[in-house]
Amino acid sequence: MKFCAKCGAQMEDGMKFCGSCGAVVSDDAAQQQPQYGQTQPYNNYQQAAAAAPKQPNQTVQKIIGKVKKNPLIAIIPLAALVAVIVLIIVVANLTKYQKIDAKELFRFKYEGLNGHGTVVGELNAYPYDIYDGYDKILALSKDMKSLTNPLDADDEEYFAEILEGEKVSPYLSYDPAELKKVWTKAKKPQDMVSMRKALLQKNSKKNYTLKVKFDKEKDLKNGDKIKVTVDYDKKALEDAKIKLTNTEFEIEVKNLEDGTELDPFDEKYIKVEFTGVDGDGRMNVTYGDEARDELDLYYSYDRSSSLKNGDKVKITCELYSSKTEKSGDDIVYEANGKYYVIKGGEAALTKEYEVKGLTELKELDVFENIAFKFDRAIPFLEVEGVDNDQMGDLVIDNIRFSIENGDGLKVGDKFKVKANDYGSLKNEGYKIKGEADADGYVIKEFTVDDTMPAYVTANNGREAYESADFKEMVADEESELKEHLQGTSSDWLFSSYANNVEYDGKVEKVTSLTLKDVYVSFTDKNNYSNVTDRLVNRIYAVYEVKVKTDGKEKQSASFIAVVYADNVICDNGKFYKESSYSGFSYYFYGSMADFNKEVASKEGYTLTKCGDSGEVAKPDDSKPEETTTTTTTAKPEKDDSSKEEKADDSKAEEKKDEEKDKEKETEKADEKPAEEKEEKAS
């Protein structure tokens, strides 16, 4: 006995092909059945087990049966016979599928304007959710011949409205005549329903798996040819006994309407004019009736006033119709049933207008010859404002000034002056010279220089003291101190006006009053808010005083008189005292050592002799008193305060200090003996 090497079926001796599978079998390929008692090799058994026997192909068996019965067929050459059998099998397999032209399953829509059209391809079917119910009704039909339409007249009207009068694909229809005609492989209604479900299959995103793709779908014009490729799940359709044909085909664009080109900034829609004077011009916009009534065009702009020649104003056109689509570089726009094309797309909906034609104004330099009002002085200078009285009437009547960063200034510091027209400068034919900021201010920066008020230092202390500005006050103070000494004992003088001054008896006459040196004591602080009692500087004029007394042991004596003034300021060569401080005062010391000890040791200040290169050193208490001075500097206190204290707070402190000074002067006067008061009165 022989067995087929391919399927394992038993074969009779002399057979050239297998009766089960039709395979050609040679004598060498056929295996002999093992005799009783013989053991088949393990590998042969394993091969036979691995090749699971298949059920004989029924079609092949029928053919073999006919061959056995018909000797004429048996004489056909073996190779030709095999080819015939294969052909029969292929034909049998092909004829069991429902063939469908894929193009018949879709409908195509062309939308937009000619040259800007688009194409949409969708399954030509009823709404998806209605098939389940209506197909169940179809499935109840006895057979394909007895199919009845499940739709009534109302349904037909409703679906015609949804589909805009178009008919669905015959394969997806409910018309019995069409269904019987196209579903040729459906033996019963249930088969047809099953196959239709395969065509209407959806993915996880609820989209049909059967769809089309285009090689071009935008910017279409009539006559364009579009290649269409059908995309589908081939295996799923074959499992449902469906094969699609014509899955690549060509369609032609048609029925696109020609649109009208639209320029939304044509003067018949919008007209722009500029009026007024340069710097305060206005934009006037007027609209054509067609723009609003027919085209639904509306406009917005970023500004329309306070314009000057050369400004740019941007105007944007807003399309209020809901039927607006982008097509390539253009916009397709439908308004009141008409189609328009806006060339250039979004960019064409905005236009920039340059302001021109405004009346030119003369430029007025409001900073020319500007004068400032100051408070305090360098290095604590405060620029309070602009002294308008020094300016012309045109500026006084129309310009408002304000100061930025104008407090606590020293030479080299910068501050800004802001100017704006609060009046009607333009009515006078002028505008402020310079570029205005967003708030309408023209700003100029100034640098603090030595022409501005500065507190007197040792460099100009003697000049200040001996200046014509103080000449009369100094003379009065010298006369007063002479009168003060007349008839005064050293004990009484020491109690009120002196430090370590001793002489015998009472002064009968001041024989000489000689100016020796001038010193300036200056604060070490960098921030005005930390300056002690707001006292920045003090000028000390040191005099040598010689007197004749009525003493019993010694009728002459000499000591030191100091005439001093606080917060002395130099303003462009002129000297004056801050208004919050009184005039000159005087005091007496026994010697220069006493003066140095008391004044040079004052913390927070540096005492410097005018004209010297250094400062007077703090006295050393371990050494005997001397009348000479040295040039070392007292170490200033650390100043960590903010430099930005408000000017109002400083002024408030200065006012308090002024009140304190007045109280001290009153107390000092009250301490004078009665005889001195009488002398002053006389």
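The values are calculated or read from the model by the stated rules, or taken from the named source; none is laboratory data. Keep in mind that what you see is a predicted model, and the values were worked out from it rather than measured. Here the Cβ is made from the backbone with ideal geometry for all residues, glycine too, and neighbour counts use every protein chain on show.
Residues in segment 242-285 that are assigned to a strand (DSSP E or B) and basic (K, R) were compared, and the one that is nearest to L105 (Cα to Cα) is K243. Could you list, in sequence order, the residues of segment 264-307 that are touching a helix residue (DSSP H, G or I) at 6+ places or on another chain (Cβ under 9 Å), surrounded by 16 or more Cβ atoms within 10 Å (Cβ to Cβ) and within 24 Å of Y339 (Cα to Cα)? If the condition is that a residue be touching a helix residue (DSSP H, G or I) at 6+ places or on another chain (Cβ under 9 Å), surrounded by 16 or more Cβ atoms within 10 Å (Cβ to Cβ) and within 24 Å of Y339 (Cα to Cα), then P264, F265, Y269, I270, L297, Y299 are the ones that fit. Scanning segment 214-243 for residues that are touching a Ser or Thr at 6+ places or on another chain (Cβ under 9 Å), of a type in the set (D, E) and at pLDDT 90 or above gives D215, D231, D233.
Against the condition modelled with pLDDT of 90 or more, in the same structural domain as S495 (by TED's automatic domain parsing) and of a type in the set (G, A, S), how does G573 come out, does it pass? Give the steps one after another, and end with the answer.
Details: modelled with pLDDT of 90 or more: yes; in the same structural domain as S495 (by TED's automatic domain parsing): yes; of a type in the set (G, A, S): yes.
Yes: the conditions hold for G573.
Among the residues making up segment 424-482, those that are in contact (Cβ under 8 Å) with a residue 40 or more places away in the chain and among the β-branched types (V, I, T) are I432, V442, V448, T451, V456, T457, V474.
For segment 283-340, a tally of residues being of a type in the set (D, E) and closer than 15 Å to G112 by Cβ returns 4.
Residue check: K554 meets all listed conditions (1) under 60 Å from the mean Cα position of the chain (by Cα); (2) charged (D, E, K, R); (3) exposed (fewer than 15 other Cβ atoms within 10 Å of the Cβ) but one, namely (1). Any residue that is hydrophobic (A, V, I, L, M, F, W, C), assigned to a strand (DSSP E or B) and under 60 Å from the mean Cα position of the chain (by Cα) - is there at least one of those in segment 482-504? Checked against the condition, which is being hydrophobic (A, V, I, L, M, F, W, C), assigned to a strand (DSSP E or B) and under 60 Å from the mean Cα position of the chain (by Cα), segment 482-504 yields no hits at all.
Filter segment 224-260 down to the residues that are within 30 Å of I331 (Cα to Cα), over 49 Å from the mean Cα position of the chain (by Cα) and surrounded by fewer than 18 Cβ atoms within 10 Å (Cβ to Cβ) and list them by number. Within segment 224-260, E250, E252 meet the criteria.
Residue count for segment 154-170 under the criterion of being at pLDDT below 80 and exposed (fewer than 10 other Cβ atoms within 10 Å of the Cβ): the result is 3. Y333 fulfils the conditions (1) out of contact with any Lys or Arg (no Cβ under 9 Å at 6 or more places or on another chain); (2) assigned to a strand (DSSP E or B) except for a single criterion, (1).
Summed over segment 140-167, the residues that are over 24 Å from D191 (Cα atoms) and among the basic types (K, R) give a count of 0.
The lone criterion from (1) under 30 Å from G408 (Cβ atoms); (2) touching an Asp or Glu at 6+ places or on another chain (Cβ under 9 Å); (3) loosely packed, with under 13 Cβ neighbours inside 10 Å left unmet by N336 is number (1). Here D407 meets each of (1) touching a helix residue (DSSP H, G or I) at 6+ places or on another chain (Cβ under 6 Å); (2) assigned by TED's automatic domain parsing to the domain that holds A561 with one exception, condition (2). Residues in segment 197-215: is at least one on the phi > 0 side of the Ramachandran plot and assigned by TED's automatic domain parsing to the domain that holds K103? So far as segment 197-215 goes, yes, one or more of its residues are on the phi > 0 side of the Ramachandran plot and assigned by TED's automatic domain parsing to the domain that holds K103.
Filtered by the rule that a residue be within 30 Å of N149 (Cα to Cα), assigned to a loop (DSSP other than H, G, I, E, B) and out of contact with any strand residue (DSSP E or B) (no Cβ under 8 Å at 6 or more places or on another chain), segment 179-238 gives K187, K188, N203, K206, N207, D233.
Report whether or not E384 is part of a strand (DSSP E or B) and closer than 30 Å to T447 by Cα.
Yes, satisfied.
Scanning segment 277-322 for residues that are at pLDDT 90 or above, under 25 Å from the mean Cα position of the chain (by Cα) and among the charged types (D, E, K, R) turns up D311, K312, K314.
Would a scan of segment 153-165 turn up a residue that is in the same structural domain as E122 (by TED's automatic domain parsing), touching a residue at least 40 places away in the same chain (Cβ under 8 Å) and not in a loop (DSSP other than H, G, I, E, B)? Even if it seems obvious, please write down each step before you answer.
At the first step, the residues of segment 153-165 found to be in the same structural domain as E122 (by TED's automatic domain parsing) are 153-165.
Still in the running and touching a residue at least 40 places away in the same chain (Cβ under 8 Å): none.
Scanning segment 153-165, I find no residue that is in the same structural domain as E122 (by TED's automatic domain parsing), touching a residue at least 40 places away in the same chain (Cβ under 8 Å) and not in a loop (DSSP other than H, G, I, E, B), so the answer is no.
Residues of segment 564-586 that are surrounded by fewer than 20 Cβ atoms within 10 Å (Cβ to Cβ) and either among the polar types (S, T, N, Q) or touching a His at 6+ places or on another chain (Cβ under 9 Å) (or both): N572, S579, S580, S582, S585, Y586. Within segment 397-406, can one find any residue that is crowded, with 20+ Cβ neighbours inside 10 Å, in a loop (DSSP other than H, G, I, E, B) and on the phi < 0 side of the Ramachandran plot? Looking for residues that are crowded, with 20+ Cβ neighbours inside 10 Å, in a loop (DSSP other than H, G, I, E, B) and on the phi < 0 side of the Ramachandran plot, one finds at least one in segment 397-406, hence yes. Residues of segment 93-141 that are over 20 Å from Q201 (Cα atoms), exposed (fewer than 12 other Cβ atoms within 10 Å of the Cβ) and either touching a residue at least 24 places away in the same chain (Cβ under 8 Å) or under 60 Å from the mean Cα position of the chain (by Cα) (or both): K96, L140.
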